[in-house]
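Peer 1: I am attaching a structure below and will ask some questions about it afterwards.
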């Protein structure tokens, strides 16, 4: 049995300014997006397929970052605690208290990418196909931040690698943050990077992202402790699993549409 290391949530301080690990993970996510995107745009095939140029990448990252933060926060408010935030609307702005939703962040990124594409005269789906393989490393960084903070812990288990999170209780639990780090982060990145390395029908890479994330997240949720204020929902699924179902359906539809268009 393992014990969570109880990391200090503050990575380092510069005078009165404390830099937290979770904020640092966001910076790593954005940096990975930028570096990987620049590397891909050096290849004419990717630049041609997406319609993007190197000078577009900084603006695309800026729009995407806004979409992640606004969408992630509003998604958490609407999907997880709508009643609470209706009663306490000013706390919607208190992002430092925690509370972000991946699915809300995804919607935010989709909207931001659509706006960017429209303003720049680029094709929305080709840009999304370019963006999708660049995202999972950022997801991996986020789950690593969850693990460092000792949050979003797993359900009780007796597996040999079970971990006790002392800030929760003395029960051995799944280190579900690391499962998601490996699945939605590293495995999904490897899948999409490989799949997108060759020319694909427009929309196929985006569809593969939606399918891959939905499946990996749905499976990982069986090891993750449900939110205490929500518990399990209908059919014994978590809120995260229910949100993955329409995502999976949208991915299947988009992938099928892309393949039909190719034919």
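The values are calculated or read from the model by the stated rules, or taken from the named source; none is laboratory data. Please read these numbers as outputs of a predicted model, since none were measured by experiment. Here the Cβ positions follow ideal geometry from the backbone for every residue, glycine too, while neighbour counts run over all protein chains shown.
Peer 1: Answer yes or no: is there a residue in segment 93-104 that is more than 20 Å from the chain's Cα centre (by Cα) and surrounded by fewer than 16 Cβ atoms within 10 Å (Cβ to Cβ).
Peer 2: The answer is yes, given that some residue of segment 93-104 is more than 20 Å from the chain's Cα centre (by Cα) and surrounded by fewer than 16 Cβ atoms within 10 Å (Cβ to Cβ).
Peer 1: With respect to residue 92, determine if the residue is in contact with a strand residue (DSSP E or B) (Cβ under 8 Å, 6 or more places away or on another chain) and at pLDDT below 90.
Peer 2: So residue 92 does not fit the description; no.
Peer 1: From the list 155, 120, 143, which one is more than 19 Å from residue 195 (Cβ to Cβ), in contact (Cβ under 8 Å) with a residue 40 or more places away in the chain and within 20 Å of the chain's Cα centre (by Cα)?
Peer 2: Residue meeting the stated conditions: 143.
Peer 1: Examine segment 249-258 for a residue that is under 29 Å from residue 82 (Cα atoms), touching a helix residue (DSSP H, G or I) at 6+ places or on another chain (Cβ under 8 Å), crowded, with 20+ Cβ neighbours inside 10 Å and modelled with pLDDT of 95 or more, and state whether such a residue exists.
Peer 2: yes
Peer 1: From the residues in segment 75-100 that are outside any helix (DSSP H, G or I) and without any contact (Cβ under 8 Å) to a residue 60 or more places away in the chain, which one is farthest from residue 177 (Cα to Cα)?
Peer 2: Quick first cut of segment 75-100, residues outside any helix (DSSP H, G or I) only: 80-81, 88, 94, 98-100.
Okay, now just the ones that are also without any contact (Cβ under 8 Å) to a residue 60 or more places away in the chain, so 88, 94, 98-100.
Values: 88: 29, 94: 24, 98: 16, 99: 16, 100: 15 Å.
Top of the filtered list is 88.
Peer 1: Pick out the one residue from 7, 46 that is surrounded by 12 or more Cβ atoms within 10 Å (Cβ to Cβ), part of a loop (DSSP other than H, G, I, E, B) and touching a helix residue (DSSP H, G or I) at 6+ places or on another chain (Cβ under 6 Å). If you could, list the steps in order and put the result at the bottom.
Peer 2: On the way: 46 fails: part of a loop (DSSP other than H, G, I, E, B).
The conditions single out 7.
Peer 1: Let me ask you something else. Does segment 18-37 hold any residues that are closer than 22 Å to residue 99 by Cα and either touching a residue at least 24 places away in the same chain (Cβ under 8 Å) or surrounded by fewer than 17 Cβ atoms within 10 Å (Cβ to Cβ) (or both), and which are they?
Peer 2: Hits for segment 18-37 are 18, 19, 21, 22, 23, 24, 25, 26, 27, 28, 29, 30.
Peer 1: Inspect all residues belonging to segment 143-152 and state whether any of them is surrounded by fewer than 20 Cβ atoms within 10 Å (Cβ to Cβ), modelled with pLDDT of 95 or more and touching a strand residue (DSSP E or B) at 6+ places or on another chain (Cβ under 8 Å).
Peer 2: no
Peer 1: Do we have any residue at all in segment 122-140 that's under 27 Å from residue 166 (Cβ atoms), part of a helix (DSSP H, G or I) and modelled with pLDDT of 90 or more?
Peer 2: yes
Peer 1: Is at least one residue of segment 199-211 at pLDDT below 95, out of contact with any helix residue (DSSP H, G or I) (no Cβ under 9 Å at 6 or more places or on another chain) and either part of a loop (DSSP other than H, G, I, E, B) or exposed (fewer than 13 other Cβ atoms within 10 Å of the Cβ) (or both)?
Peer 2: no
Peer 1: So which of 235, 191 is part of a helix (DSSP H, G or I), surrounded by fewer than 19 Cβ atoms within 10 Å (Cβ to Cβ) and on the phi > 0 side of the Ramachandran plot?
Peer 2: 235
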